[in-house]
1. From Cα coordinates alone, what are the radius of gyration and Dmax values for segment 71-116 in angstrom?
2. Given a Förster radius of 22 Å and the C-beta distance between residue 73 and residue 5 as r, what FRET efficiency does 1/(1 + (r/R0)^6) yield to the nearest 0.05?
3. Quick check on segment 32-106: take the gyration tensor over C-alpha atoms, sort the square-rooted eigenvalues as a ≥ b ≥ c, and tell me if it's rounded (a/c under 1.5), prolate or oblate.
4. What size of dipole, in debye to the nearest 20, comes out for segment 86-195 about its Cα centre when the only charges are +1 on Lys and Arg C-beta atoms and -1 on Asp and Glu C-beta atoms?
5. Could you pull out every residue, at least 5 positions away or on a different chain, whose amide H is within less than 5 Å of the one on residue 10? Hs are placed 1.01 Å off N in the peptide plane, and Pro or chain starts have none.
6. I'd like the accessible area for residue 134, computed on protein heavy atoms only with a 1.4 Å probe and all protein chains in place. Round to 10 Å², please.
7. Which value, in Å², gives the accessible area per residue of the chain when a 1.4 Å probe is used on the protein heavy atoms?
8. To one decimal place, what orientation-averaged projected area in nm² is obtained for the convex hull of the Cα set of segment 93-178?
Amino acid sequence: MTRKVILMETERLYLRTWLETDLDPFAHMCADPVVMRYFPDVLTREKTAQLVSRCIEKQEKDGFSMAPVEVKATGEFLGFVGLNTPTYAAPLPFEPCVEIGWRLKQSCWGKGYASEAAGAWLRFGFETIGLEEIVAFTIPANEPSQKVMARIGMRRDPDGDFLHPSLPQDHPVATHVLYRLRKRDWIALRGNTAR
């Protein structure tokens, strides 16, 4: 976890491997109650370190994971964006699947970074590893993330809404909404935007 490897780049961002220096800013971010308001709780430094370790293991095993996002011009660490194969104690109702997700610090919200990085990961998922579909999910109150999902071409699947298997059914953030993007729709969307 010491040598920086660029996985992908966009106009403004590097999507790269994890560095030891990422833990402090990421732990600070994951302890921020505003950043974590749509999750069951904030994360301790130890839990954040465990999350980073799981991301590194998944990158090595699957060839993708939630990866750090860095501003090209400044080297600023923003958070993570990436693809993930869910591995909860109980399966999601639509598994097997690959999800796309993001978590960025407050100071960079509203600048299009999540959409920009997610677009690169969609291209990787559909073109490089040949996925036929990528999903995303969050709680109904998380409108900012749902706006990103819509912006990158995903569509809400109301029939796919579910209770998260890692939480008690009556937990305040147990109910999740599901978004989907199929490869054929992504190709069509890219064709329309290229004109």
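1. 14.1, 42
2. 0.70
3. It comes out oblate by the Cα gyration axes.
4. Result for segment 86-195 is approximately 600 debye, rounded to the nearest 20.
5. So residue 10 has HN proximity to 15.
6. For residue 134, solvent-accessible area is about 0 Å².
7. Details: 10350 Å² over 195 residues.
Roughly 53 Å² per residue, with all protein chains present.
8. Here the figure is 6.2 nm², rounded to one decimal.
The values are calculated or read from the model by the stated rules, or taken from the named source; none is laboratory data. Being a predicted model, the structure only gives us computed values, none of them experimental. We place every Cβ from the backbone using ideal geometry, glycine too, and count neighbours over all the protein chains shown. All accessible areas refer to the heavy atoms of the entire protein, side chains included, with ligands and DNA or RNA removed. Shrake-Rupley method; radii C 1.70, N 1.55, O 1.52, S 1.80 Å.
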